[in-house]
Amino acid sequence: MADVSTTVIAERREEVKHEKLGTFNVFVQGDLAKSEVVVLTVHDLGCNHTMYHNFLKNPAMAPLMSRSAWIHVDLPGQEDNAPDLPAAYTFPSMSDLGAGLICVLDQLKYTGNVVCFGEGAGANILIRFAIAHPKRVLCLTIIHCTGTTAGLMESLKDRYYKWQLEHFEAHQSVDNYLVLHRFGYSASHIKNTQNVPELESAVKEFVAKLHSTVNAKNLAKFVESFKKRTNIIDSIGKLESKVLSVTGANSSHNHTVHTLEKAMNSAFKPSDKMVEALEVEGVSNVLEEKPAKMAESFQYHLQGIGLVPEIPMQHLPPQHCH
């Protein structure tokens, strides 16, 4: 795998304020006016937009990056080295974030449509954005997205780890919880996987950021909001754009991803071909373990709706698609 760790991504930072939702730190990569494709991203728990940097720097993404611009949204208080959110501040619900995210496009004065790209909690927010603003979304790529409410065990675990985040800031059990959420394995079980070097490097970087640049108290508010998420399956039929749903076969989210895919397939006619589901064998976190496969699938998804047709098709070993 190519070493992309030292490559610098050029991006400009914008501060977008919303009266009710708070302040978003937005990072724009590329020229919004001249690019063929504009991609809107939202990050997962314990992360911010930098979680996508290694993927975007992967050589397999180079042809697409030269033709696209990216709008990366850091949710309130989740940017690197963020100050504490005000004590009286209430972190927005997943629904409010999804509906209110339009303020980012408005304040950037971008009037075109976007491709949505997100993982985990970020994917959950973006699918709500697409439901609330269907005319502004060309298509969605959602990775490890769950469409159901949190179950009892998830709620109890989230409550416990939220308390630890608020009171101890950094704790081994919190690390393990967030690593499990993002990578599908606890840190101690990574050596049992197929992609040990890739996962070890990604987890090491992730945990290092948790202890150095992530504001634990602010993260606890994000975790709480995600825990209280509402069901989106009941309104999934309001989607008007095609969806690429991605999961790793070893992901801890695999079952909930398939539940959402089943709901989407039930909501639309087979002839509409609204949903493409990709399950990558032998991996948990597709972005980190199989970035070239993710890039290929994303490119195919875009070309399937008529975007970037001039980029040559790549040829990687097939994975399970259904």
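The values are calculated or read from the model by the stated rules, or taken from the named source; none is laboratory data. Remember, it's a predicted structure, so these values are computed and weren't measured experimentally. Quick reminder, even Gly has a Cβ in these numbers, built from the backbone with ideal geometry, and neighbours come from all protein chains shown. Ligands, DNA and RNA are excluded from the accessible area calculation, which covers all protein heavy atoms including side chains. Shrake-Rupley method; radii C 1.70, N 1.55, O 1.52, S 1.80 Å.
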### Message
Looking only at residues that are in a helix (DSSP H, G or I) and β-branched (Val, Ile, Thr) in the range 127-144, which one is least open to solvent (accessible area, probe 1.4 Å)?
### Response
127
### Message
Tell me which helices (runs of 4 or more DSSP H) are completely within the range 145-248 and hold 3 or more residues being modelled with pLDDT under 85 and open to solvent by less than 30 Å² (accessible area, probe 1.4 Å), or say none if there are none.
### Response
152-168, 172-183
### Message
Suppose the filter is under 18 Å from the mean Cα position of the chain (by Cα) and either surrounded by fewer than 16 Cβ atoms within 10 Å (Cβ to Cβ) or under 16 Å from residue 147 (Cβ atoms) (or both); does residue 268 pass it?
### Response
no
### Task
Spot the failing condition for residue 51; the list is (1) surrounded by fewer than 19 Cβ atoms within 10 Å (Cβ to Cβ); (2) in contact with a Lys or Arg (Cβ under 9 Å, 6 or more places away or on another chain), and only one is missed.
(1)
### Task
Just need a number here: residues in the range 113-136 that are in contact with a strand residue (DSSP E or B) (Cβ under 6 Å, 6 or more places away or on another chain) and either free of Cβ contacts under 8 Å to residues at least 40 places away in the same chain or under 21 Å from residue 36 (Cβ atoms) (or both).
8
### Of the criteria (1) under 14 Å from the mean Cα position of the chain (by Cα); (2) open to solvent by 10 Å² or more (accessible area, probe 1.4 Å), which one residue 118 fails
(2)
#### Entry: Which numbered condition residue 64 misses (of (1) open to solvent by less than 10 Å² (accessible area, probe 1.4 Å); (2) closer than 25 Å to residue 128 by Cβ)
(2)
### Message
Suppose the filter is within 14 Å of residue 117 (Cα to Cα) and open to solvent by 10 Å² or more (accessible area, probe 1.4 Å); does residue 90 pass it?
### Response
no
